[in-house]
Each structure stands twice: as structure tokens, then as C-alpha cells.
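**Student:** This is the structure, below, for whatever I ask next.
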Amino acid sequence: MSYFRTQLEQWLATLDIKADKVLDCGGGALPVKNRVKSFCVKEYKILDNELEDMKQKPDLKFDLNDSFTNLDKNGIHHFRNAFDLIFCLEVAEYLYRPFQALEHINYLMKKDGVLYISFPFIYPLHNPEGKDMLRYTRWGVEKLLTEAGFKIDYIKSRVENEPEMLGAFYAKEGMHPCKRYSKHNEIGYLVRAIKK
């Protein structure tokens, strides 16, 4: 398991989840319910594309990149304001319409609902080939979530395994990191946000 993944799993292992309705966006390949510290949930659903390597078929088949007009196609509109808590883990890099995807998540979530979401910042292109689209800065994460109707509760940085490795790379390449920002060893973000 990569250090990148280890940081996610360590974070999840600290979460006590207690909610009526939980949605796991992109959870077909690796459902979240068995990866958290505790999971006391009345109704758990997975929203995902139907891909070949799924461990669990999605309850709701939908691509977060799709337009709002397609919400009716698969009955997703019936779940407006339905979920108390939504996970969207290791999905953001596949979202070529990230603002729209976050609006979909907002649409499905109750007011004051909780969103646990991860964002990559530095990670190599990965499979499925041609589907890995975007990376996010901390400032991009904050702006996207705020504009999509969320208040950020906290952001946990995922960091490199070897301290100062990225700093040395940036210096060698003559890159100029922001001087007033000290966290240049970040490789991604784990976020808890609340729907406004």
C-alpha cells in the first residue's frame, strides 16, 4: 500500500460515523463502511459508475460529471436533500467538471450534512487510462467547496514520506514556491466540510 493510501486509511480509522443516511460516491471499488472506526448507519448507498473492478455494485448509477438534466435518467432526483453524510474519496481526480460534481453532492445532501472528501495534489497519472484528469491546490480545494455551498470544517494535509524531498526537487528545478506558505511537502488533502 502506498504512503498516500496509508494516510487516507489512517484518517478513516479515526472516524466514528453515526447517521441515518450515508452515500458513498465512488465507493463501488472500495466501500468505506468497513474502513472507518465505527459505522452506525440506518441506510448506506453507493453512487458510482458501473466499472469492471467493483467490489460492490452501485445502488445509484450516476457519473458526477454528468449534467443536472441527467439526474432524472437514473432516478437520482428522488434523493434530493436525502443524505446526512456523504463520502467522496479518491474520486476528485476523475472529475473534469469538479464544480458541477460538488453541486450534485450538495443537491443530494441535507442542510448541515457532512462531506468527507479527498483531493490529490501531487500524484502520477494512473488507471483507468484516460480518466485521471485533475489535481488540486489547497486554495483550489477551499474555493471549490466554498463556491459549491460548503463550509470547510477542517483540511488535513497528506504529506510526502521523506521530509524535504519535494523542497529539494523544487530547488533543483529552479521552481519558486510561495514564500509565505510553509507546507510545500503536501501531496493531497483530506477534508471535512458542512453543507451551508
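The values are calculated or read from the model by the stated rules, or taken from the named source; none is laboratory data. Small disclaimer: the values here were computed from a predicted structure and weren't measured. All Cβ positions, even for glycine, are placed from backbone atoms using ideal geometry, and neighbour counts span all protein chains on display.
**Student:** What is the number of the single condition among (1) polar (S, T, N, Q); (2) surrounded by fewer than 17 Cβ atoms within 10 Å (Cβ to Cβ); (3) touching a helix residue (DSSP H, G or I) at 6+ places or on another chain (Cβ under 8 Å); (4) not in a loop (DSSP other than H, G, I, E, B) that residue 146 does not meet?
**Tutor:** (3)
**Student:** Restricting to region 97-143, what's the tally of residues that are surrounded by 13 or more Cβ atoms within 10 Å (Cβ to Cβ), in contact (Cβ under 8 Å) with a residue 60 or more places away in the chain and farther than 16 Å from residue 87 by Cα?
**Tutor:** 3
**Student:** Residue 103 is checked against (1) acidic (Asp, Glu); (2) touching a Leu at 6+ places or on another chain (Cβ under 9 Å); (3) in a helix (DSSP H, G or I); (4) within 27 Å of residue 18 (Cβ to Cβ) and fails just one. What number does that condition carry?
**Tutor:** (2)
**Student:** Please verify whether region 2-10 includes one or more residues that are assigned to a loop (DSSP other than H, G, I, E, B) and touching a strand residue (DSSP E or B) at 6+ places or on another chain (Cβ under 9 Å).
**Tutor:** No, the conditions are met nowhere in region 2-10.
**Student:** One residue is enough: does region 56-73 have a residue meeting the conditions more than 17 Å from residue 108 (Cβ to Cβ) and either part of a loop (DSSP other than H, G, I, E, B) or in contact with a Pro (Cβ under 7 Å, 6 or more places away or on another chain) (or both)? Show your work before the answer.
**Tutor:** Residues of region 56-73 more than 17 Å from residue 108 (Cβ to Cβ): 56-57.
Now drop any that are not either part of a loop (DSSP other than H, G, I, E, B) or in contact with a Pro (Cβ under 7 Å, 6 or more places away or on another chain) (or both), which leaves 56-57.
Yes.
**Student:** Among the numbered criteria (1) out of contact with any Asp or Glu (no Cβ under 7 Å at 6 or more places or on another chain); (2) of a type in the set (D, E, K, R); (3) within 18 Å of residue 144 (Cα to Cα), which single criterion is violated by residue 93?
**Tutor:** Result: residue 93 fails condition (1) only.
**Student:** With 16, 24, 84 as the choices, which residue is buried (at least 16 other Cβ atoms within 10 Å of the Cβ), at pLDDT 95 or above, closer than 30 Å to residue 160 by Cβ and acidic (Asp, Glu)? Give the steps one after another, and end with the answer.
**Tutor:** Details: 16 fails: buried (at least 16 other Cβ atoms within 10 Å of the Cβ); 84 fails: closer than 30 Å to residue 160 by Cβ.
On inspection, the qualifying residue turns out to be 24.
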